[in-house]
Amino acid sequence: MKRFAAIVPLVLLAAGCGRNPSEQFSRLSEEFVYTTLSFSPSAATGVGLHQYNNQNLDNLLDDVGPASLEKQRQFYRGFRERLNALDAARLTAEDRADLRILQDQIGLALLDLEEAHSEQHNPTSYVEALGNALFNPFTLEYAPQPARIRNIIERLKQVPRYLEQATANLTTAPDLWTKVAIDENEGNVRLAGDTIRKAVPADLRGSYDSAAAPALAALAKFQEFLTNTLSKKTEADWRLGSDRYARKFRFVLETGMEPGATLAQAERELKQVRAHMLDVALPLHRKMFPAHRDHAELSGEERENRVIREVLDRIAERHSTPETYLDDARKDLDETRAFVAQKHLLTLPSRANLQVIPTPEFMRGAYSVGGFNPAPALEPQLGAFYWVTPIPASWPKERIESKLREYDYYGLQLLTIHEAMPGHYVQFEFANDVQPKSRRALRAVYGNGPYVEGWAVYATQMMLDEGYPDHSPEMDLSFAKQLLRVFANTILDIRLQSSNMTDQEALDLMEKQTFQEKEEAEEKLQRAKLTSCQLPVYFVGWRAWRDLRDSYSKAKGESFNLAEFHDRALKEGAVPLPVLGALLQ
């Protein structure tokens, strides 16, 4: 691993030290990524950074004590000054795109460390970091299994210290955050006490058990703290408030759009897509319910809701079972891959490293449906994972049915397109080939959210525009429902975080305006309270990708080629979308 020089004095940075400005900036970017990753060894393993400053990061567990947090604050403040000393005019367009990412990440980190103080209020952050610290070495084959088990053993030894620090940090927490942390912490107990233990080689079993025993005791003690102490200290608000939300919105979205203007756009688009859904639903409704006479006795929104809901309900009857859910997602992946290849919509990844697996238990609070975990940016040959969250057999029948109806035959295909093919998996495979390595690391670890999520929504619409599967009106209607969810995500996040939207108003929006099942709506409300400024990235990114394609197509004229556009845009990695167009010129 490359060694880093001591911090360069500001006067030398401003003068450029006689070096090529891009080379100097590349070193600065690399230092930022590797240093900030070293603050969280659990995250470093996940992106393929194993050694830094003579330390084996895979053997370390995050230090979340006061001294470490203060060190992080000082680092971000100092790095902001160093970036301010740069002459941006001497940088290339690619460098300036990276500079913007660095500046916004520093602003985001300091907003949290100096104002929001998630370390004091968010127990899920500790639980999920610990889960990743154990799960990544277990699943990512960056070394032979015995070596990775030894990494896990070393991290288990540090679990008591880590959870003591977490307990000391946590002062108050929103009730929901504590409840989710309790559930996810139980997943960590099963991960360390059962799942990993079963895979430990015989010659390491004694060492593993010796490390696991105090770790499991510490997890039990932390669970007791969450259940009996933190659950009674609920003064913290999950809402950021309008001022902090607006600032975080700028750092995360990186589009220049303010929350109010974005909200107005989402509400307009919601009405337009509902009108489109009625046009698509009416012919289907006449076939499915000939006796209902298109509900001509109704008018306006009431008629829209009745016709569209009846058709969606009939479509939803075709769905998986809890036992076939995961296998059906795998079949969908094969079908979407074949379609992309047949239509030559883009260059398919050369690596065959994608696995479809159940979502890890310690991540199911945030990923109640599914998700994507890319191959490490610094080790792209390793595994990439499309997570599909299993449906618990212990759920009541009504809850299981609600989940399966939401992710019916078409809904599960849409999820697979979004998360895997040609959505996030394809996107990150392109990103993992970005050069130089420092740029690849920055754009993978701290890439622009609207670029990432917007691509997945845009790619889904593009697949349907190209005819997948067989120009089906049922799929068209199902995707339109997904778009309504994209709009609702934005409305929820902005109104919940900054204007005191109530739970009932949120549920009414999802169930009555965007046709979501009760189970889906309740899970999304939970997610909206667990995160902030993440849900709008789908809508903002989708619009920006569409606009980018339109402008690129106009510039190219008759020479425009869809696959060429996709390949060029994806080869940049996750840069802020407003600058992507300039990079493609």
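Scoring Tyr451 on the criteria (1) over 20 Å from Ala281 (Cα atoms); (2) of a type outside the set (A, V, I, L, M, F, W, C); (3) surrounded by fewer than 22 Cβ atoms within 10 Å (Cβ to Cβ); (4) in contact with an Asp or Glu (Cβ under 9 Å, 6 or more places away or on another chain) leaves a single failure, condition (3).
If I filter segment 518-532 for residues that are crowded, with 17+ Cβ neighbours inside 10 Å, in contact (Cβ under 8 Å) with a residue 40 or more places away in the chain and more than 30 Å from Ala173 (Cα to Cα), do I get at least one hit? Within segment 518-532, not a single residue is crowded, with 17+ Cβ neighbours inside 10 Å, in contact (Cβ under 8 Å) with a residue 40 or more places away in the chain and more than 30 Å from Ala173 (Cα to Cα). Taking segment 135-160 as the range and being under 11 Å from Leu204 (Cβ atoms) and either among the charged types (D, E, K, R) or surrounded by 16 or more Cβ atoms within 10 Å (Cβ to Cβ) (or both) as the test, the residues that pass are Arg148, Ile149, Arg150, Ile152, Ile153. Could you please tell me which pairs satisfy a Cβ distance under 9 Å, a separation of 6+ or placement on different chains, a first residue in segment 343-356 that is modelled with pLDDT of 95 or more, and a second residue that is of a type in the set (Asp, Glu) and assigned to a loop (DSSP other than H, G, I, E, B)? Correct list of pairs: Lys343/Glu466; Leu345/Glu466. Restricting attention to segment 296-341 and to residues that are free of Cβ contacts under 8 Å to residues at least 60 places away in the same chain and in contact with a His (Cβ under 8 Å, 6 or more places away or on another chain), the residue that is surrounded by the most Cβ atoms within 10 Å (Cβ to Cβ) turns out to be Val307.
Going through (1) part of a helix (DSSP H, G or I); (2) more than 23 Å from Glu401 (Cβ to Cβ); (3) not charged (D, E, K, R) one by one, Val307 falls short only on (2). Of the residues making up segment 215-258, those that are hydrophobic (A, V, I, L, M, F, W, C) and either under 30 Å from Ala97 (Cβ atoms) or in contact with a Lys or Arg (Cβ under 8 Å, 6 or more places away or on another chain) (or both) are Ala215, Trp238, Leu240, Ala246, Phe249, Phe251, Val252, Leu253, Met257. Do we have Glu401 as of a type outside the set (Lys, Arg), surrounded by fewer than 22 Cβ atoms within 10 Å (Cβ to Cβ) and in contact (Cβ under 8 Å) with a residue 60 or more places away in the chain here? No. Can you pull out the residues in segment 474-500 that are surrounded by fewer than 23 Cβ atoms within 10 Å (Cβ to Cβ), farther than 20 Å from His418 by Cα and at pLDDT 95 or above? Arg495, the sole residue that qualifies.
Restricting segment 241-279 to residues that are of a type outside the set (Ser, Thr, Tyr) and outside any helix (DSSP H, G or I), the residue that is nearest to the chain's Cα centre (by Cα) is Glu254.
The values are calculated or read from the model by the stated rules, or taken from the named source; none is laboratory data. Please read all numbers here as calculations on a predicted model, not as lab measurements. Please note: Cβ atoms are built from the backbone with ideal geometry, for glycine as well, and neighbour counts cover all protein chains shown.
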